[in-house]
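Quick notes on the structure that follows.
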Amino acid sequence: MYSGLLHAHSGLRWLALILLLAAVFVSMQKRSGQAGYTDGDRKLYLFTLISVHTQLLIGLVLFFISPKVDFGMMSDKLYRFYTAEHSLGMLIAIALITVGYSKHKRQTNSAAKHKAVFTFYAIGLLVILASIPWPFRIPGAGWF
Ligand code: HEM
């Protein structure tokens, strides 16, 4: 189960990143409000939220079963990364994206909807990019 979840969590990063990039790009383009708010925009913002929530669920399970999560080994860079930096960074990013999604739902005009998504999803994307265990940064991490 551990290996299957790890592969799913690692591969799904690309789907989450592609959707986040698309959502940030579309919301940036449309934040003046002139292009309106379409059903396609709503679906893109929703699927982006679902993709990071799926990562959250798998990540939470990994947190309890991974040999790389150990509060007693925090002096070691690799353990500290997965136990604290990666998990906390991702929790913050996913919370920001969730706030952005619910704020955009509550707005009534198109400009305010896109602006809420743009602000929160863009910051979330930056935090995610900084918290991913990229192979050039973290020993043993893969690309997929
Ligand atoms: C959008 C959010 C997230 C992304 C893109 C992401 C991405 C990744 C990636 C690429 C890996 C490395 C897999 C590999 O070694 O090949 C990983 C590992 C891990 N992630 Fe996440 N993650 C996210 C959220 C979370 C959250 C919220 C948690 C926990 C609360 C979490 C816990 C872990 C743990 C414990 C590992 C290490 C598993 C191991 O190697 O034993 N992740 N994550």
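None of the figures in this text is laboratory data; all of them are computed from the coordinates on show. Nothing here was measured: the structure is a model prediction, and the numbers come from that model. Here the Cβ is made from the backbone with ideal geometry for all residues, glycine too, and neighbour counts use every protein chain on show.
Tabulated data
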quantity	calculated
Estimated FRET transfer efficiency when R0 is 25 angstrom, pair MET28-ARG137 (beta carbons, to 0.05)	0.35
Highest average packing first - 1-11, 95-105, Cβ atoms within 10 Å	95-105, 1-11
Scattering curve values for the chain, log₁₀ I(q)/I(0), Debye with Cα scatterers, q = 0.13 Å⁻¹	-0.59
Under 25 Å from the Cα of LYS115 - lysines, other chains or at least 8 residues apart	LYS30, LYS43, LYS103, LYS105
Size-normalised alpha-carbon gyration radius of the stretch 20-64, reference 2.2 N^0.38 Å	1.49
Å³ per residue enclosed by the Cα convex hull of the stretch 75-144	84
